[in-house]
Amino acid sequence: MSSSATFAATIAPPALDELCINTLRFLAVDMVQKANSGHPGLPMGSASMAYALWDRSLKFNPRDPDWPDRDRFVLSAGHGCALLYALLHVTGYDLPLEELKRFRQWGSRTPGHPEYGKTPGVEATTGPLGQGLANGVGMAIAEVALAARFNRPGHRIVDHNTYVLVSDGDLEEGISSEAGSGAGHQHLGKLIVLYADNHITIEGSTELTFTEDRMARFAAFGWHVQRVERSNDVDAVSLALQNAREESGRPSLIAVRTHIGFGSPNKQDTAAAHGEALGVEEVRLTKEGMGWPVAPPFHIPAEALEHFRRAVARGNSAQTEWESRFKAYGKQYPDLAAEFQRVIDRRLPKDWDADLPTFRAADGPMATRVASGKAIEALGPHLPEMMGGSADLGPSTHTNIDGAGNFEPENWAGRNMHFGIRENAMGAILNGMALHRGLIPYGGTFFVFTDYMRPPMRLAAMDALPVIYVFTHDSIGMGEDGPTHQPVEQLLGLRSIPGMVVLRPADANETVAAWRLAVGRKKGPVALVLTRQGLPVLDLVRFPGIPAGVSLGGYILADSQAGDQAEIILIATGSEVHLALEGRGRLAAEGVKARVVSMPSTNIFSSQPDAYREKVLPTGVPMLVIEAGASLGWKSYVGAQIAVIGVDTFGASAPGPVVMQHYGFTVENVCKQAHALLDQHKEKGSCV
Ligand SMILES: Cc1ncc(C[n+]2csc(CCOP(=O)(O)OP(=O)(O)O)c2C)c(N)n1
């Protein structure tokens, strides 16, 4: 029998259950009331089912929130976070009552929506509806993948459930279908979703918008579905949870008929309970109606606290039991145990990059997506924790690890994932995998379709998650598919996400360096932006600065001849670096000394010390940026004396080179623009 199935709690008598549930309810009510901001309705209605889960099922240790074999709990309906904070406090996490009193205030550990890393026990940043559900799918995938890799007969060291609490909004969002369909297909039996089916959203009743049969929908996805009519029936919710755990072949949805704002005489079952404080008078009426002391606020009855705090002893003993099992495992399988610890700690093995290739000019032309595929092939055998794939574009994105098998219900040890055409869920699943730990998740699609996965990318950056994106078909240079498939503003868009590292390598060798950097970066996502079209290879003999240069974000690829001071700097990224090199040659013939700076990552370059940036881009030297993307952003980036050859409309359907030519990505235009800039500069004089 699995350890998660044997994890048992002391069951409280019904009156104590009710006291505990009301404690959660009124902590949430008081938090929102004190802040005069927040969402009391969902906590009041869902406190009972959350209690049933946390009190009787959830395997967690408040004293070690990072214990690897804990169950995961994601509050996808992040707006209801007052409930989560209340649970964390009463069960004994390091979240003092004072923090509950500072709900939504500057510097508190109780922000307006749960933020990963800010509050112990918060497993994921949630709030954008639907994301948490897909995070849960990613966590459940990580669990079965690690179980397949590490468990051995008689040793189930990876054995936990993933629970998600969702609201109507979570299930209305399209991502819930993407993630739900994927989870059903993968038979993720240890994923259990509690649905707060309260019939209310912000604008009123769900009758306004949301009338399909949700149970039938999830059943059609291949889920096990159950319904609990009375949310306050802790036994019924517990039984449903138990059934869900026993159903090992399908993920579970438990729709619980909850009542938003439960207990509030004037607001229960109305949208008024959703997103604002109940108000002093309504708080009083609610407390009186439920036999709760009106004052002082934040009242926690001693018996309730004592009961909740049993979670500490329970958690400690569950963890100790696991640790002794892990010790026994380590005796029998010392290498596996060490390996498990390594991947959980996100440590890279020795020589992980030993087989990364170096390309020679004779190997070209090569698309950077192809070079990326070769890097993945070289990393795969050294990094068994690398796991990823594509949103049905594997043959184009080159994201497959040869010989690593498909991740599928018959083979959870497979590392090649088929996410299906579900970019939003793919992004959120990658986040869930990273949040779980133990894996290096990556996912690919065409660069333009990052528009479909921006919400999880933003959260990956917010949570500093080490997720790697492989985005191909990176510019108008991809050609015939036309404007719908030609990214223009996406580079600027992704670069503007704080903490997102965007790397657009210029050739095969820069691509390998970009992969080395991406894998080595343990905090924060990295987006690799790669070409469809072949590019010349920049030979390391001629350009030895490439590997170190990429890690600095931008570097002098080719300086003005004979060490003279450059009269103009050509800054380029990706495929346009070659055009810059050509332009430099032509300008030299015309007597103009030009330096070429390759800038695969503006984000990384910006974080370099001033002295280095000044060395690469000295103040006062005019600069011409060549990048097949929106020009906005560059001017403020490198100063005033700058011109940009960019793309500020939507591209066009034609062969790539033709489109590039029409947009001015030609050596003639580079030289023309360089001369214009130099003339302008001379007229103004040096403006330093
Ligand atoms: C993607 C996204 N869109 C919109 C919102 C704003 N929002 C917060 S809660 C909510 C809907 C509330 O309805 P429900 O999910 O049923 O929660 P409940 O009313 O039960 O608290 C909306 C639209 C959001 N958080 N995320």
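The values are calculated or read from the model by the stated rules, or taken from the named source; none is laboratory data. All figures in this text were calculated on a predicted structure; none of them were measured in a lab. Methodologically, a virtual Cβ is constructed for each residue, glycine included, from the backbone with ideal geometry; neighbour enumeration extends over all protein chains shown. Side chains included, ligands, DNA and RNA excluded: accessible areas come from the protein's heavy atoms. Shrake-Rupley method; radii C 1.70, N 1.55, O 1.52, S 1.80 Å.
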Open item on the list: About the Cα centre, and with charges only on the beta carbon of Lys, Arg (+1) and Asp, Glu (-1), how big is the dipole of the chain? Nearest 20 debye, please.
Closed with: 1420
Task: Under 21 Å from residue 615, Cα to Cα: lysines that are on another chain or at least 8 residues apart - done: 593, 635
- [ ] Rounded to the nearest 10 degrees, what's the angle between the helix 174-185 long axis and the longest principal axis of the chain, both from Cα atoms, 0 to 90?
- [x] 80
Task: Exposure of residue 376 as accessible area (Å², to 10), given a probe of 1.4 Å and all protein chains - done: 0
Open item on the list: Between 0 and 90 degrees, rounded to the nearest ten: what's the tilt of helix 368-379 against the longest Cα principal axis of the chain?
Closed with: 60
Task: Label point distance in nm, residue 335-residue 284, each placed 7 Å from Cα along Cα→Cβ - done: 7.2
Task: Chain lengthening between residue 653 and residue 612 when straightened (0.36 nm per residue, less Cα-Cα) - done: 10.7 nm
Task: From the C-alpha gyration tensor of the chain, square roots of 5λ in Å - done: 51, 28, 22
- [ ] For residue 350, list the lysines whose Cα falls under 30 Å from its own Cα; do not include residues on the same chain fewer than 8 positions away.
- [x] 327, 331, 374, 522, 523
Task: Shape category assigned to the range 285-353 from the gyration tensor of Cα positions, a/c cut at 1.5 - done: prolate
Task: Residues in the range 371-408 reached by a label modelled at residue 421 [backbone nitrogen below 17 Å; 7 Å Cα→Cβ] - done: 390-397
Open item on the list: For residue 34, give me every one of the lysines with a C-alpha distance below 19 angstrom, ignoring sequence neighbours fewer than eight places off in its own chain.
Closed with: 101, 267, 287
Open item on the list: With the crude spin-label approximation of a point 7 Å out along Cα→Cβ, what separation in nm comes out for residue 672 versus residue 203?
Closed with: 5.1
- [ ] When a/c is below 1.5 the answer is rounded, else prolate if a/b is larger than b/c, else oblate, so apply that to the range 253-311 with a ≥ b ≥ c taken from the square roots of the Cα gyration tensor eigenvalues.
- [x] oblate
Task: Share, in percent, of DSSP beta bridges within the chain that are antiparallel, nearest 5 - done: 15
- [ ] Give me the percent of the accessible area of the range 254-402 that comes from carbon and sulfur atoms, probe 1.4 Å, all protein chains in place.
- [x] 54
TODO: Can you figure out the FRET efficiency of residue 541 with residue 392, using R₀ = 30 Å and their beta-carbon distance, to the nearest 0.05?
DONE: 0.15
TODO: Could you pull the accessible area for residue 484 with a 1.4 Å probe, rounded to 10 Å²?
DONE: 100
TODO: Any chance you could look up the accessible area of residue 675 with a 1.4 Å probe, heavy atoms only, rounded to 10 Å²?
DONE: 60
Open item on the list: Quick check on the range 70-191: take the gyration tensor over C-alpha atoms, sort the square-rooted eigenvalues as a ≥ b ≥ c, and tell me if it's rounded (a/c under 1.5), prolate or oblate.
Closed with: oblate
Task: FRET efficiency, 1/(1 + (r/R0)^6) with R0 35 Å, evaluated for residue 313 and residue 408 via beta carbons - done: 0.30
Task: Relative compactness, the range 522-617, computed as alpha-carbon Rg over 2.2 N^0.38 Å - done: 1.11
TODO: Per residue of the range 653-670, in order, report the coupling 6.51 cos²θ - 1.76 cosθ + 1.60 (Karplus, θ = phi - 60°) as ³J(HN,Hα) in whole Hz, putting x for Gly and Pro.
DONE: 8, 5, x, x, x, 5, 4, 4, 4, 5, 8, x, 8, 10, 5, 4, 5, 4
Open item on the list: Compute the helix-to-body angle for 576-589: its Cα long axis versus the longest principal axis of the chain, expressed 0 to 90° and rounded to tens.
Closed with: 20
Task: Helical contribution to [θ] at 222 nm, DSSP H n ≥ 4, -39,500 (n - 2.57), averaged over the chain, rounded to 500 - done: -12500 deg cm²/dmol
Task: Tail beyond 12 Å, pair distance distribution of the range 546-593 (Cα, percent) - done: 64
Open item on the list: Show me the chymotrypsin sites (Phe, Trp or Tyr not before Pro) within the range 96-168 that DSSP assigns to loop and that have at most 12 other Cβ atoms within 10 Å of their Cβ.
Closed with: 106
TODO: Leaving ligands, DNA and RNA out of it, report the carbon-plus-sulfur percent of the accessible area of the range 502-591 at a 1.4 Å probe.
DONE: 54
